[in-house]
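See below for the structure under consideration.
The values are calculated or read from the model by the stated rules, or taken from the named source; none is laboratory data. Being a predicted model, the structure only gives us computed values, none of them experimental. Cβ atoms come from the backbone with ideal geometry, glycine included; neighbour counts cover every protein chain shown.
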């Protein structure tokens with residue numbers, strides 16, 4: 001699907017907009033670190049007839065403009081999202097965020113409930129980056145900054161994908177394609193810094209009143225089940241769905257199961 005760009009909040013953001021669906025409702029998709037709108041391609045293809053689907057690339061990622069600060073923090077990315085919704089959406093939306101996109105989604109639902117009709121949280125966490133991961137990720141950031149993402153490509157799949165897709169010979173080419181997408185931006189280290197240094201959002205979860213669905217892959221080691229359960233404990237009435245055979249990129253690893261879970265939840269609103 002072709003997209004366009006819009007100047008917002010001091011940057012230029014790339015986004016895709018399918019136009020109105022049969023329900024008159026809108027889903028906004030916020031991707032995870034290293035990814036782009038392509039992370040939600042299967043869901044948009046399946047849902048666009050019923051819902052207007054808007055997906056965008058975060059600043060410094062995908063096809064959005066470069067950002068030359070060393071740290072693209074979550075507060076800034078959230079402010080981008082607020083301005084995008086205020087420009088594009090006529091009313092509250094179903095806000096879907098995966099991993100980093102979930103950090104944005106939780107802030108949106110807690111702070112701007114007028115913009116959120118329901119909340120869809122995939123493979124995400126309300127806590128800071130675990131200390132045991134920080135040193136390893138900072139090393140990856142330094143290497144990426146000096147040498148680019150190609151040098152660390154071999155370490156991307158074990159973090160971002162579950163063992164099912166990594167061990168399936170029939171999906172070798174597909175997996176390589178996903179890693180290629182996640183390796184495109186040499187300047188991605190700026191966004192990685194923002195994720196590593198993100199503050200917790202858990203204390204704000206009690207303010208979320210939108211109906212909430214939480215999805216976690218059984219093979220996600222980056223934000224495992226315990227992270228999803230903690231989010232559920234903080235949001236009244238939140239539902240939790242586990243996706244077998246999925247790691248940290250469940251939307252492309254198990255697209256049929258994820259889309260079915262989203263469609264069932266949205267259809268009940």
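Annotation: of all residues in region 97-138 being without any contact (Cβ under 8 Å) to a residue 40 or more places away in the chain and either part of a loop (DSSP other than H, G, I, E, B) or within 15 Å of the chain's Cα centre (by Cα) (or both), the one that is surrounded by the fewest Cβ atoms within 10 Å (Cβ to Cβ) is 130. Mind checking which residues of region 51-96 are more than 20 Å from residue 2 (Cβ to Cβ) and in a helix (DSSP H, G or I)? Across region 51-96, the qualifying residues are 74, 75, 76, 77, 78, 79, 80, 81, 82, 83, 85, 86.
Applying a threshold of 7 Å to beta carbon distances and a minimum spacing of six or more residues, or different chains, the list of pairs starting in region 166-186 at a residue that is farther than 22 Å from residue 57 by Cβ and ending at one that is at pLDDT below 95 and assigned to a helix (DSSP H, G or I) reads 166/157.
When residues of region 22-50 are filtered for being closer than 19 Å to residue 4 by Cβ and touching a strand residue (DSSP E or B) at 6+ places or on another chain (Cβ under 6 Å), how many remain? The total comes to 8. Given the conditions (1) in contact (Cβ under 8 Å) with a residue 40 or more places away in the chain; (2) assigned to a loop (DSSP other than H, G, I, E, B); (3) touching a strand residue (DSSP E or B) at 6+ places or on another chain (Cβ under 9 Å), report the number of the one that residue 19 does not fulfil. Here residue 19 meets the rest and fails (1).
Summed over region 196-215, residues that are crowded, with 22+ Cβ neighbours inside 10 Å and out of contact with any strand residue (DSSP E or B) (no Cβ under 8 Å at 6 or more places or on another chain) total 1.
Filter region 222-243 down to residues that are assigned to a helix (DSSP H, G or I) and surrounded by fewer than 23 Cβ atoms within 10 Å (Cβ to Cβ), then give me how many there are.
So the count comes out to 8.
Table: residues versus (1) over 15 Å from residue 97 (Cα atoms); (2) in contact (Cβ under 8 Å) with a residue 60 or more places away in the chain; (3) part of a loop (DSSP other than H, G, I, E, B); (4) more than 17 Å from the chain's Cα centre (by Cα).
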site	(1), (2), (3), (4)
203	yes, no, no, yes
220	yes, yes, yes, no
245	yes, yes, yes, yes
258	no, yes, no, no
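Filtering region 157-169 to residues that are crowded, with 18+ Cβ neighbours inside 10 Å, under 25 Å from residue 143 (Cα atoms) and out of contact with any strand residue (DSSP E or B) (no Cβ under 7 Å at 6 or more places or on another chain) leaves 157, 159, 160, 161.
If you check residue 37 against the conditions, is it out of contact with any helix residue (DSSP H, G or I) (no Cβ under 6 Å at 6 or more places or on another chain), surrounded by fewer than 20 Cβ atoms within 10 Å (Cβ to Cβ) and within 26 Å of residue 193 (Cβ to Cβ)? When the stated conditions are applied, residue 37 does not pass them.
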